[in-house]
Amino acid sequence: NALRLATYLHTHEHVQQVYYPGLADHPQHFIARELFTGYGGIVSIDLAAHIDPLAFLNELKLVLCATHLGDTRTLGLPVASTIYFENTAEQRADMGINDNMLRFSIGIEDVDLRLNSKTSSNLHFTF
């Protein structure tokens, strides 16, 4: 599920960047391919600047907004305001943490990537 989601999001117009070692353009793809039999269940994305990450996350139907990762269900969280909340915007930028970054822990649901979301910015998201 994670590779399918990352592949889909990689070409989505409202996603600036996808961070997943299973994608060939990920900086550590070669290392991950050599060391592991799979690429894991964590996918991070940077949404386009005009997309509110909390509104987006709250509109997803099959993703639970959570402050932890690792479950049989798909979980998502806004990275800057949770994991890096103690860091300033400048510190986050220095670490490559975008304020529009979301991190997903992909679950084992039997879904055909049909999550629907419509945010106040008129984003229609189907994967």
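Read-outs throughout are calculated quantities, based only on the coordinates presented, and are distinct from any laboratory measurement. Please read these numbers as outputs of a predicted model, since none were measured by experiment.
Of all the C-alpha pairs in region 9-82, what % are more than 19 Å from each other? Across region 9-82, Cα pairs with separations above 19 Å total 43 percent. When the Gaussian network model of the chain links Cα atoms closer than 10 Å, the mean-square fluctuations of 71, 99, 52 top out at 71. For residue 65, the residues whose modelled amide H falls within less than 5 Å of its own, excluding neighbours fewer than 5 places apart on the same chain, are 76.
Assuming 0.36 nm per residue, please report the length gained on full extension of the stretch residue 16 to residue 66 beyond their Cα-Cα distance. Please list the in-between numbers first.
Values: separation 50, 0.36 × 50 = 18.00 nm, distance 2.26 nm.
Length gained, residue 16 through residue 66: 15.7 nm.
Note on residue 33 and residue 49: the extension gain reaches 2.6 nm, defined as 0.36 nm multiplied by sequence separation minus the Cα-Cα distance. Scalar couplings 3J(HN,Hα) for region 83-96, obtained by applying the Karplus form with A = 6.51, B = -1.76, C = 1.60 to θ = phi - 60°, are 4, 10, 5, 7, 8, 6, 4, 5, 4, 4, 4, 4, 8, x Hz; x denotes Gly and Pro.
Of 56, 30, 104, which has the largest mean-square fluctuation in a 10 Å C-alpha GNM of the chain? Of the options given, 30 has the highest mean-square fluctuation. Taking every alpha-carbon pair in region 54-107 and binning the separations at 10 Å intervals from zero gives 26, 48, 24, 2 percent. Per the Kirkwood definition applied to all pairs of different Cα atoms, how many angstroms is the hydrodynamic radius of the chain? The answer is 15.0 Å. Between 22, 107, 96, the residue with the greatest mean-square fluctuation in the GNM of the chain (Cα pairs under 10 Å linked by springs) is 96.
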